1. Of the conditions (1) touching a residue at least 40 places away in the same chain (Cβ under 8 Å); (2) in contact with a Phe, Trp or Tyr (Cβ under 8 Å, 6 or more places away or on another chain); (3) within 28 Å of A:VAL166 (Cβ to Cβ), A:LEU118 fails just one. Which one is it?
2. Given the conditions (1) in a helix (DSSP H, G or I); (2) within 16 Å of DNA strand C (Cβ to nearest atom); (3) among the aliphatic types (A, V, I, L, M), report the number of the one that A:ALA86 does not fulfil.
3. Among the numbered criteria (1) touching a residue at least 12 places away in the same chain (Cβ under 8 Å); (2) assigned to a helix (DSSP H, G or I), which single criterion is violated by B:ASN128?
4. Contact list please: Cβ distance under 9 Å, first residue in the stretch B:21-32 and part of a helix (DSSP H, G or I), second residue of a type in the set (Asp, Glu), pairs at least six apart or on different chains.
5. Test A:GLU167 against the stated conditions and say whether it is touching a helix residue (DSSP H, G or I) at 6+ places or on another chain (Cβ under 8 Å) and facing chain B (nearest Cβ under 10 Å).
6. Only one of these is surrounded by 15 or more Cβ atoms within 10 Å (Cβ to Cβ), free of Cβ contacts under 8 Å to residues at least 60 places away in the same chain and among the aromatic types (Phe, Trp, Tyr): B:PHE174, B:PHE161. Name it.
7. Report whether or not B:ARG43 is away from every other protein chain (no Cβ under 14 Å), within 14 Å of DNA strand D (Cβ to nearest atom) and surrounded by fewer than 19 Cβ atoms within 10 Å (Cβ to Cβ).
8. I'd like to check something: does the stretch A:103-119 contain any residue that is surrounded by 14 or more Cβ atoms within 10 Å (Cβ to Cβ), at pLDDT 95 or above and among the charged types (D, E, K, R)?
2 protein chains.
Amino acid sequence: MTVAAEPCEVMTKPRQRRKEARPAELAAAALELFVEKGFAATRLDDVAARAGVGKGTVYLYFESKEALFKAAIEAAMTPTVEAAEALVECGDLSAAERLREFVHGWWRMVAGTPIGGLPKLLVAESGNFPEIAQWHYETIIRRAMRALGRIIEAGIASGEFRPVPVEFATRIVFSPMFSIIVWTRAFGDMMCDLPDPKRFLDEALDVLINGLHGERK
Amino acid sequence: MTVAAEPCEVMTKPRQRRKEARPAELAAAALELFVEKGFAATRLDDVAARAGVGKGTVYLYFESKEALFKAAIEAAMTPTVEAAEALVECGDLSAAERLREFVHGWWRMVAGTPIGGLPKLLVAESGNFPEIAQWHYETIIRRAMRALGRIIEAGIASGEFRPVPVEFATRIVFSPMFSIIVWTRAFGDMMCDLPDPKRFLDEALDVLINGLHGERK
DNA sequence: AAATAATTACTGACTGGACAGTCAGTAATT
DNA sequence: AATTACTGACTGTCCAGTCAGTAATTATTT
């Protein structure tokens with residue numbers, strides 16, 4: 001059998017050397033696949049293929065599958081939480097309006113991107129990678145919650161909200177966010193009656209803000 | 001090397017034949033391990049060992065690892081949702097009090113048991129076993145939500161709650177339950193500042209019930 | 001500018017270990 | 001003696017991780 005000198009192939013681009021770009025490209029490809037299929041079901045051959053390299057190349061830039069996992073998550077998370085924190089700083093709005101801004105801004109930022117799959121992924125893998133889960137909790141979640149907590153504190157200080165325990169109120173506002181992002185990723189495909197997430201967040205904010213405003217029953 | 005005729009072993013009980021009891025014992029052992037380690041990381045050798053049988057026995061009663069997974073989940077879930085539905089039927093309480101009963105009763109029922117690990121497990125494996133996730137959603141979650149929804153409907157009908165959209169209100173009340181059960185299982189071990197779940201549920205119920213009562217801002 | 005050598009980013013066939021699933025054999029029960 | 005619940009060593013497969021080899025790039029020589 002002869003080599004059949006390139007019979008109009010589908011653009012078989014030649015091997016390239018791009019030391020600088022590889023790590024980020026690999027991390028991005030890995031993130032997509034980990035979010036799609038989970039850690040165990042993701043093969044490094046596939047990650048390499050999606051990044052347009054051979055499997056060996058993965059090991060030039062990452063120690064192991066686990067190291068790649070960690071790197072992919074960290075690379076995606078850090079900029080996101082920073083952007084989320086920035087949402088808190090918006091002008092002279094009421095606490096209620098700032099809560100709405102924060103929640104909606106966050107949703108616009110993560111919905112439909114691989115980053116939106118991270119909460120589900122981290123929940124799924126928390127048992128197998130406790131160090132990563134802990135890092136994520138301490139570095140990302142705490143920080144995001146503190147941002148949310150500051151809005152609520154300000155609302156209490158100004159008399160707009162009644163004096164609820166901030167620690168708890170923060171987590172209470174978090175829970176619809178957490179639920180909807182995990183929920184849509186876990187069951188979204190198969191649920192014909194999934195409510196529109198934006199509408200859900202709106203209704204939840206209505207109830208919560210109303211609950212934070214009013215007198216204790 | 002000789003066989004060393006049983007030098008005071010740790011109660012090596014003889015092989016037994018218990019056709020009737022095996023499936024349930026295997027399903028229970030499997031549930032524990034799947035909840036502890038996830039589907040991929042659970043070895044059938046371990047399941048068999050925990051159930052006190054050899055690996056081959058697993059295949060006398062279950063077609064495959066996946067079939068065992070499905071059976072373990074279904075066996076645990078069905079009685080649980082029935083018990084949860086029964087919680088709705090309690091006497092002539094206000095809607096608010098019935099919500100509290102439902103949420104606390106559910107928590108008492110699942111906290112600290114392997115069943116409490118199922119939401120996290122199902123989230124984690126939803127991508128790899130869409131049929132199981134779909135069965136779970138349609139059979140369990142819908143049913144539990146309908147029970148919750150009935151409480152809210154009654155509260156609206158009696159004028160205790162304002163006329164919120166029930167579909168949404170149901171999911172809003174669900175979200176702190178979902179959050180806390182998944183959260184404690186995923187991050188509970190490593191979080192020194194995890195709030196007491198019972199207190200969290202109480203505070204969430206306060207805010208939510210207050211939010212359902214009051215006038216729209 | 002062209003040829004040659006030196007360097008190194010990149011590759012993919014290969015290995016070793018882990019584990020789902022099998023089946024010939026064992027022993028409890030009838 | 002016949003039946004069958006049960007066993008665990010074995011097989012085939014899958015995949016993370018390796019490494020000898022390839023080719024793109026840079027440096028050096030002519």
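The values are calculated or read from the model by the stated rules, or taken from the named source; none is laboratory data. It should be emphasised that the depicted structure is a prediction, and the values quoted were computed from it without experimental measurement. Positions of Cβ are backbone-derived with ideal geometry, glycine not excepted, and every protein chain shown enters the neighbour counts.
1. So A:LEU118 meets the others, but not (2).
2. Only one criterion is unmet by A:ALA86, namely (2).
3. (2)
4. Final answer for the pair search is B:ALA27/B:GLU74; B:ALA29/B:ASP46.
5. Numbers: touching a helix residue (DSSP H, G or I) at 6+ places or on another chain (Cβ under 8 Å): yes; facing chain B (nearest Cβ under 10 Å): yes.
Judged against the criteria, A:GLU167 is a match.
6. B:PHE174 is the lone residue from the list that is surrounded by 15 or more Cβ atoms within 10 Å (Cβ to Cβ), free of Cβ contacts under 8 Å to residues at least 60 places away in the same chain and among the aromatic types (Phe, Trp, Tyr).
7. Considered against the rule, which asks whether it is away from every other protein chain (no Cβ under 14 Å), within 14 Å of DNA strand D (Cβ to nearest atom) and surrounded by fewer than 19 Cβ atoms within 10 Å (Cβ to Cβ), B:ARG43 comes out as no.
8. Scanning the stretch A:103-119, I find no residue that is surrounded by 14 or more Cβ atoms within 10 Å (Cβ to Cβ), at pLDDT 95 or above and among the charged types (D, E, K, R), so the answer is no.
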